[in-house]
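S.K.: Quick one: this structure, given as structure tokens, is what I'll be asking you about.
The values are calculated or read from the model by the stated rules, or taken from the named source; none is laboratory data. The structure presented is a predicted model; accordingly, all values stated were derived computationally and were not measured. Ideal geometry is used to build each Cβ from the backbone, glycine not excepted, and the neighbour counts take in all protein chains shown.
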Amino acid sequence: MSSSESPSRQAPTPPHGLGRLRHNIKKSLLPGDNATRIRTRRRIVAFAWRYLDMLRLCLLSAGCLWLLTLPVSQLGVDTYIDENALQPSQVNTYWNWVDVHRADRLLEDVSLLRERNLSSVERATFFATEFAKCGLPSSTQTYSIQTSHGTLNGTNAYAVFSAPRTSGTEAMIISASWKSMTGGENLRGVSIVLSLAAFLKQYSHWSKDIIFVITDNHLDGMHAWLGAYHRPSSANWDAEPLSITSGVVWTALNIDYPGHSFSHLGVFREGLNGRLPNQDLINSFRTISQQTSGVPVLLYDHYEPSEFPGREGIRSFYPSWLPNWLWERETILEYGYRAKNILRHFAYQARGRASGPHGSFHQYRIDAITLFAVPSNGPHGFYALGRAVESTLRTMSNLLERLHASFFFYIMTTPSTFLKIGSYLPSAVLVAAALMIGGLREWVKAGWVELEECQSGPGKGDAADIPSSSKKKWAPRRRDLLDVFVVMAASHLVGLTLFVIICREWLDIGLLSFIILPACWVVLMLAPWKSPSLDSSVSTAPLHTLLKAINMCLASTLISVSSVLNFSLAALLAVTLGVPLSSASPSDSLPERGIKCALYTTLAFGWLAFHGEVKQGIWDWEVLGVWFSPLVCLVYVPLVLQAGIISSLSP
Amino acid sequence: MRLATAFIVFVLPFFLVVEALDAETVEEFAVRDLFNRNVNAESSHTNNWAVLVCASRYWFNYRHMANALGMYRTVKRLGIPDSNIVLMLADDAACNSRNHFPGCVFANRGHALDLYGENIEVDYRGYEVTVENFLRLLTGRVEPSVPRSKRLLTDDRSNIFVYMTGHGGDEFLKFQDSEEISAFDIADAFEQMWQKKRYNEIFFMIDTCQANTMYSKFYSPNILATGSSRIRENSYSYENDDDVGVSVIDSYTHFVLEYLEGVNKTSTTSMKDLFDKYDPEIIRSHPGVRSDLFHRPLERTLITDFFGGVAHAEVMHTGPPHLPSSTLVPPLAQVDSITEDEHMQVEVLHNPMDGTGDHWVGLYRAWGAVGIMGLLVAWATLNTKW
């Protein structure tokens, strides 16, 4: 601070270091003479204008290359615990074999529930009774969620343990869903939650109430329960109000334990619409799991390259034609491992999909993760998991305020390293900058036309007649935006119609893609819009220039805004929109136009071919309120369509 | 018969005189001996005070509260009464809901000693621990309504022990995450105290990161200061208790408290002994000592001059002078003056009738005996027919 101030303070004397450098640059760029200064500035502007395309290309390729460098290990930073109050892994745990035994007995009962194929109401009643047996106030909650494909029904069970020595203004949640993310039943996850309820109740050192929730299904049960906890009602779901509530929930752990034993605990963190929990929670859990219960922690269920299946997993990630000697190199292996983690993260976050029931918590500003007991033949079981959960709860109980100190914007590359926002954000923003510069250049081009100056005065000569030796001159022209807006509104209307169709499923999605692709192509090719005459292009800007300007600026804004909200989505948009929108241009030849239109229509509607994916996206939107599918239909499709329209025009 | 008379007349008075003189010397020596045991101390204070400040709050700062409570226990053990201890403590550890041992604060792994146990008197509690309250306490600028337990009722014969702990940095100490006190603030407060004759000597001890910077700005006389770590150096906690779940005490304070455990009320251990024991290896930081403002040699400055409570008192000369009583046992009130011969003489000159009765009784008795002997000699001479 003081060193940077010192040059300015001693202004009369020649400054040192940075100050002198600045002084020299100033002197060369901005000389005292006004005329020279203006000349220099013009020179710079002219230079930039001449190499503008080069600049755009550089930005575009830099952005895309940056994305490829994200898995490089040099970019990663080691994780650390930022919040002082957490004090992870500093307590003795009291979870013992008695409690493991109780969990085993409960597991037998819970397994019976599955074998007798009981309804969700009966199951939830059983869980509530088990909670009540521990002496906890417990209850069930029935919910139904309306979707276009029918109604989702389920029943959750929950219990509240009021911390004996506090006022109960804050709470933390331990939950398990009936369905595991593997598709089977989460029997052991449910059993350990029931056993934990009996165990945790014995202690008075909790500073927050502990809420135990066993939700139905996989994602929707927790979504409905949390919705009822925080809001009175919602449009698309109808959930019974909760009869027992507690304070403000700060943190939550969701347990997913599908196998009979586990070797690692995997952390799933992605929430709905790309939200992430505070990194402190993940780091604390990792510290506790490794130090207190001796269980190594993974990202998702990806084994590290140093462990047995890790190498093979990463090898399958690389294309098979890659020579053996290459992928066996440690750096390549490490790159592959990190790329695998980042891609898994991108796959969840870009689509706004939650990687587990914890995903519904983040929208209520609750930091939550799912602990996934990676199925294996051993060596860990209830004992290790119980200790890890107990110690994590002690750490969460230590909190004095919500988690806020560590990162909310990060990409985990390994369990112990992550990318800071500064090291990944520029990639998408560079692409957005390239688009914005392109858009602005089109806008300037639309406003000005380069004319040959005629001797006969201000008449508008035909370009071909003018001898090339005559002087050139820039003349302003009108930018008529009405046509552009009509075209844009039409393209967005197409997107909206598409969205309604796939939501209501008026047409089978597979069929839809067969219809809409050629139809759109035909419409584009037979477009009624005529290319303007050269006469009018002198006085008013041509449609394609204006459309391209607005289209690119819109895309750029979309990418830069979404890059701070959901980076994976921004990166996806940057990759899919960056080059196609930049290269959209009208052409004279009909076959070229035909090919271009076909490419753009494929890009706009090609995703309809992924039938299951589309259905999942719609389900996410209707049940969990994920914005991805409306965004694709209402923003992405129209933007690409507009690029198609530009290409279908003649210059 | 004559011989017997002569014996009585000449020899007995002599014995009487010797007896009287002898009795006086023995008593005095005994008393001198008792109270001159600490003759090296050269301390001229008459009362001891302790100001113990824990500037942190919250559960994870448990160790700072344990630091302050450890000091509190020690000064109390060495004789400073609760009325002379001002304890500033956030006090949210013992009854914190996160505490596995409700109502207890331990400073050691294994829960051997409950510092919060029996008799804790926290004078400034919770949000009362502020920079303003601390400075008002030191300088005595308090509202009339402030109770005596929250005041530092010191005078120019008071030795004050000021202990601070918390989270600090270069020339500042944080108070409860909301404000800081700077080294200049404390230095100025001490100067005000000096000008207002609120202390005789101050012993300032601080345990925080970069603690030694906190006493670097002092400029008032008679201040001895020590801190836990140098500039740009952290102070570390000593150990963690796995049932409590947090660190229970800081390394430097733990070291000092361990040392003080070997000191009792009559100990002649000096400050130099303590400072010489400082070991950066054990403490894990470099403790500092500042003694340039302190005018006594450290090897003659007793630890109990600050940590102990002196029983010495000084008699004020406001009451009517009283004549010496017949008893030979000197009143306790005078003991203090005996420890300093010069002081006694000054007092004698100012008010020869006051106080030093044992001496005068001895003299009266000696001269009385001589007078009686003279009278007897005269009587014997007059009555004797040679």
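S.K.: Considering each residue of region B:82-93, count those that are away from chain A (no Cβ under 12 Å) and part of a loop (DSSP other than H, G, I, E, B), and give that number.
M.R.: 3
S.K.: Mind telling me which of the residues A:370, A:417 ends up being within 15 Å of residue A:193 (Cα to Cα) and either of a type in the set (Lys, Arg) or more than 14 Å from chain B (Cβ to nearest Cβ) (or both)?
M.R.: A:370
S.K.: Are any residues in region B:171-188 surrounded by fewer than 22 Cβ atoms within 10 Å (Cβ to Cβ) and not charged (D, E, K, R), and if so, which ones?
M.R.: Once the filter is applied, which keeps residues that are surrounded by fewer than 22 Cβ atoms within 10 Å (Cβ to Cβ) and not charged (D, E, K, R), region B:171-188 yields B:172, B:176, B:178, B:182, B:183, B:184, B:187.
S.K.: Pick out the one residue from A:130, A:115 that is free of Cβ contacts under 8 Å to residues at least 24 places away in the same chain and in the same structural domain as residue A:197 (by TED's automatic domain parsing).
M.R.: Checking each option against the conditions leaves just A:115.
Yes/no per residue for (1) within 24 Å of residue A:236 (Cα to Cα); (2) polar (S, T, N, Q):
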position: A:102; (1), (2): no, no
position: A:108; (1), (2): no, no
position: A:115; (1), (2): no, no
position: A:136; (1), (2): no, no
position: A:141; (1), (2): yes, yes
position: A:154; (1), (2): yes, no
position: A:161; (1), (2): no, no
position: A:169; (1), (2): no, yes
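S.K.: How many residues does region A:74-101 hold that are farther than 28 Å from residue A:399 by Cβ and either in contact with a Ser or Thr (Cβ under 6 Å, 6 or more places away or on another chain) or free of Cβ contacts under 8 Å to residues at least 40 places away in the same chain (or both)?
M.R.: 4
S.K.: Would you confirm, using the coordinates I've provided, whether residue A:38 is more than 14 Å from every other protein chain (Cβ to nearest Cβ) and not acidic (Asp, Glu)?
M.R.: yes
S.K.: Across region B:129-155, which residue is farthest from residue A:165 (Cα to Cα) among those that are under 20 Å from the mean Cα position of the chain (by Cα) and not in a helix (DSSP H, G or I)?
M.R.: Here the residue is B:155.
S.K.: Any residue at all in region A:144-164 that's under 17 Å from residue A:396 (Cβ atoms), within 14 Å of another protein chain (Cβ to nearest Cβ), touching a strand residue (DSSP E or B) at 6+ places or on another chain (Cβ under 6 Å) and surrounded by fewer than 22 Cβ atoms within 10 Å (Cβ to Cβ)?
M.R.: Yes, region A:144-164 contains at least one residue that is under 17 Å from residue A:396 (Cβ atoms), within 14 Å of another protein chain (Cβ to nearest Cβ), touching a strand residue (DSSP E or B) at 6+ places or on another chain (Cβ under 6 Å) and surrounded by fewer than 22 Cβ atoms within 10 Å (Cβ to Cβ).
S.K.: To continue, here is another question. So which residues in region A:146-170 are among the aliphatic types (A, V, I, L, M) and at pLDDT below 95?
M.R.: A:152, A:163, listed by residue number.
S.K.: Check whether at least one residue in region B:213-234 is surrounded by fewer than 23 Cβ atoms within 10 Å (Cβ to Cβ) and within 14 Å of chain A (Cβ to nearest Cβ), and report yes or no.
M.R.: Yes, there is a match, as at least one residue in region B:213-234 is surrounded by fewer than 23 Cβ atoms within 10 Å (Cβ to Cβ) and within 14 Å of chain A (Cβ to nearest Cβ).
S.K.: If residue A:407 meets every condition in (1) within 29 Å of residue A:259 (Cβ to Cβ); (2) part of a loop (DSSP other than H, G, I, E, B); (3) of a type outside the set (Gly, Ala, Ser) apart from one, which number is that one?
M.R.: (1)
S.K.: For residue A:394, all conditions in the list (1) away from every other protein chain (no Cβ under 14 Å); (2) within 16 Å of residue A:210 (Cβ to Cβ); (3) touching a His at 6+ places or on another chain (Cβ under 9 Å) hold save one; what is the number of the exception?
M.R.: Of the numbered conditions (1) away from every other protein chain (no Cβ under 14 Å); (2) within 16 Å of residue A:210 (Cβ to Cβ); (3) touching a His at 6+ places or on another chain (Cβ under 9 Å), the odd one out for residue A:394 is (1).
S.K.: So in region B:94-128, with the set limited to residues that are acidic (Asp, Glu) and not in a loop (DSSP other than H, G, I, E, B), which one is nearest to the other protein chains (Cβ to nearest Cβ)?
M.R.: Filtering region B:94-128 for residues that are acidic (Asp, Glu) and not in a loop (DSSP other than H, G, I, E, B), the one nearest to the other protein chains (Cβ to nearest Cβ) comes out as B:114.
S.K.: Identify the residue in region A:612-632 that is charged (D, E, K, R) and touching a residue at least 60 places away in the same chain (Cβ under 8 Å) and, among all such residues, is surrounded by the fewest Cβ atoms within 10 Å (Cβ to Cβ).
M.R.: Checked region A:612-632; the qualifying residue surrounded by the fewest Cβ atoms within 10 Å (Cβ to Cβ) is A:615.
S.K.: Just the residues that are within 14 Å of chain A (Cβ to nearest Cβ) and either over 12 Å from residue B:99 (Cβ atoms) or touching a Leu at 6+ places or on another chain (Cβ under 7 Å) (or both), please, taken from region B:239-251.
M.R.: B:239, B:240, B:242, B:247
S.K.: Return a yes/no flag: does region A:525-540 have any residue that is surrounded by 15 or more Cβ atoms within 10 Å (Cβ to Cβ) and without any contact (Cβ under 8 Å) to a residue 24 or more places away in the chain.
M.R.: Within region A:525-540, one or more residues are surrounded by 15 or more Cβ atoms within 10 Å (Cβ to Cβ) and without any contact (Cβ under 8 Å) to a residue 24 or more places away in the chain.
S.K.: Could you please give the count of residues in region A:193-220 that are buried (at least 23 other Cβ atoms within 10 Å of the Cβ), closer than 26 Å to residue A:239 by Cα and either of a type in the set (Phe, Trp, Tyr) or away from chain B (no Cβ under 13 Å) (or both)?
M.R.: 11
S.K.: Yes or no: region B:57-79 includes at least one residue that is under 18 Å from residue B:173 (Cβ atoms), among the hydrophobic types (A, V, I, L, M, F, W, C) and either within 14 Å of chain A (Cβ to nearest Cβ) or not in a helix (DSSP H, G or I) (or both).
M.R.: yes
S.K.: Output the residues belonging to region A:344-396 that are of a type in the set (Lys, Arg) and in a helix (DSSP H, G or I).
M.R.: Correct list: A:344, A:387, A:394.
S.K.: Let me ask something else about it. When you look at residue A:85, is it surrounded by 18 or more Cβ atoms within 10 Å (Cβ to Cβ) and not assigned by TED's automatic domain parsing to the domain that holds residue A:394, yes or no?
M.R.: yes
S.K.: Now for a separate question. Please enumerate the residues belonging to region A:188-218 that are in contact with a Cys (Cβ under 8 Å, 6 or more places away or on another chain) and of a type in the set (Gly, Ala, Ser).
M.R.: Scanning region A:188-218 gives A:197, A:198.
S.K.: What strands (runs of 3 or more DSSP E) lie completely within region B:192-281 and have 3 or more residues being in contact with a Phe, Trp or Tyr (Cβ under 8 Å, 6 or more places away or on another chain)?
M.R.: B:201-207, B:223-227, B:246-250
S.K.: Let me ask something else about it. Kindly provide the set of residues from region A:586-601 that are more than 26 Å from the chain's Cα centre (by Cα) and surrounded by 15 or more Cβ atoms within 10 Å (Cβ to Cβ), ordered by number.
M.R.: Correct list: A:586, A:587, A:593, A:594, A:596, A:597, A:598, A:599.
S.K.: Looking at residue A:420, is it within 30 Å of residue A:298 (Cβ to Cβ) and modelled with pLDDT under 95?
M.R.: Spelling it out, residue A:420 is indeed within 30 Å of residue A:298 (Cβ to Cβ) and modelled with pLDDT under 95.
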